[in-house]
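Right, one structure below, let's go through it.
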Amino acid sequence: KTNRTFTMIKPDAVANGHIGAILDHITKAGFKIVALKYTALSAQKAGEFYAVHSERGFYADLVNFMSSGPIVAAILEKDNAIADFRTLIGATDPTKADAGTIRNLFAKSIEANAVHGSDSDENADIEGSFFFSAFERF
Ligand code: CMP
């Protein structure tokens, strides 16, 4: 359980043609792809996914952005997956993300920040189950 995380390649990174490069970074860092889907979030689904942020000032913009185009959703497996993936993607604000991290390389702004990464084992389970059934995990 401690070895899985959930990620999305967000609409900005998809629109900018970075799906392949980001998946390459992820697999080269030692993450195994357990589940993978090219899909999109309706505004309602984006609102549900980010419900934890519903009181934040950026929530409406975030929901609007996350439903603005297709995304890639994935469940990833690796020892220490949650922490190692957060290291790989870098800080939420790309201007603060370390050189060579996915957000440093591909993100445009704190909102359009290329990728999502789960912040806990519990949220990785919840977020993975939001997109994938047991039959879609390998
Ligand atoms: P994510 O890791 O997917 O989780 C919540 C998202 O909210 C975050 O990435 C950003 O895309 C967005 N976010 C966080 N803080 C801000 C902010 N201050 N302004 C706009 N968007 C934000």
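The values are calculated or read from the model by the stated rules, or taken from the named source; none is laboratory data. This is a predicted model, so every value here is computed, not measured. FYI the Cβ positions are ideal-geometry reconstructions off the backbone, even for glycines, and counts take in every protein chain you see.
Take the residues in the range 96-114 that are crowded, with 20+ Cβ neighbours inside 10 Å and more than 8 Å from the ligand (Cβ to nearest atom); name whichever of them is nearest to the chain's Cα centre (by Cα).
That would be 114.
Might you let me know whether the range 56-71 holds any residue that is within 14 Å of the ligand (Cβ to nearest atom), under 25 Å from residue 135 (Cα atoms) and β-branched (Val, Ile, Thr)?
yes
Go through the range 76-89 and count every residue that is within 12 Å of the ligand (Cβ to nearest atom) and farther than 21 Å from residue 49 by Cβ.
0
Condition check: in contact with a Ser or Thr (Cβ under 8 Å, 6 or more places away or on another chain) and polar (S, T, N, Q). Does residue 54 satisfy that?
no
Return the residues of the range 26-55 that are within 16 Å of the ligand (Cβ to nearest atom) and over 14 Å from the mean Cα position of the chain (by Cα); say none if nothing qualifies.
Across the range 26-55, the qualifying residues are 43, 45, 47, 48, 51, 52, 53, 54, 55.
Please go through the range 15-28 and give me each residue that is touching a helix residue (DSSP H, G or I) at 6+ places or on another chain (Cβ under 6 Å) and either at pLDDT below 95 or exposed (fewer than 15 other Cβ atoms within 10 Å of the Cβ) (or both), ordered by number.
Answer for the range 15-28, where residues must be touching a helix residue (DSSP H, G or I) at 6+ places or on another chain (Cβ under 6 Å) and either at pLDDT below 95 or exposed (fewer than 15 other Cβ atoms within 10 Å of the Cβ) (or both): there is none.
Answer yes or no: is there a residue in the range 38-61 that is farther than 14 Å from residue 12 by Cα, among the aliphatic types (A, V, I, L, M), touching a Leu at 6+ places or on another chain (Cβ under 8 Å) and surrounded by 17 or more Cβ atoms within 10 Å (Cβ to Cβ).
yes
Yes/no per residue for (1) within 18 Å of residue 107 (Cα to Cα); (2) in a helix (DSSP H, G or I); (3) touching a strand residue (DSSP E or B) at 6+ places or on another chain (Cβ under 8 Å):
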{"position": "5", "(1), (2), (3)": "no, no, yes"}
{"position": "14", "(1), (2), (3)": "yes, yes, yes"}
{"position": "22", "(1), (2), (3)": "yes, yes, yes"}
{"position": "27", "(1), (2), (3)": "no, yes, yes"}
{"position": "38", "(1), (2), (3)": "no, no, yes"}
{"position": "44", "(1), (2), (3)": "no, yes, no"}
{"position": "48", "(1), (2), (3)": "no, yes, no"}
{"position": "62", "(1), (2), (3)": "yes, yes, no"}
{"position": "65", "(1), (2), (3)": "yes, yes, no"}
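Would you mind stating whether residue 123 is more than 11 Å from the chain's Cα centre (by Cα), outside any loop (DSSP other than H, G, I, E, B) and within 11 Å of the ligand (Cβ to nearest atom)?
yes
Collect the residues in the range 62-94 that are crowded, with 17+ Cβ neighbours inside 10 Å, of a type in the set (Gly, Ala, Ser) and closer than 25 Å to residue 43 by Cα, keeping them in residue-number order.
Scanning the range 62-94 gives 67, 68, 73, 74.
Write out, first by first residue and then by second, each pair whose Cβ atoms fall under 7 Å of each other, whose residues are 6+ apart or on separate chains, and whose first residue, in the range 85-103, is of a type in the set (Gly, Ala, Ser) while the second is part of a helix (DSSP H, G or I).
Listed by first residue and then by second, the contacts come to 90/102; 90/103; 90/104; 91/103; 97/103; 97/104.
Go through the range 69-84 residue by residue and tally those that are part of a helix (DSSP H, G or I) and in contact (Cβ under 8 Å) with a residue 12 or more places away in the chain.
Adding up the residues that qualify gives 3.
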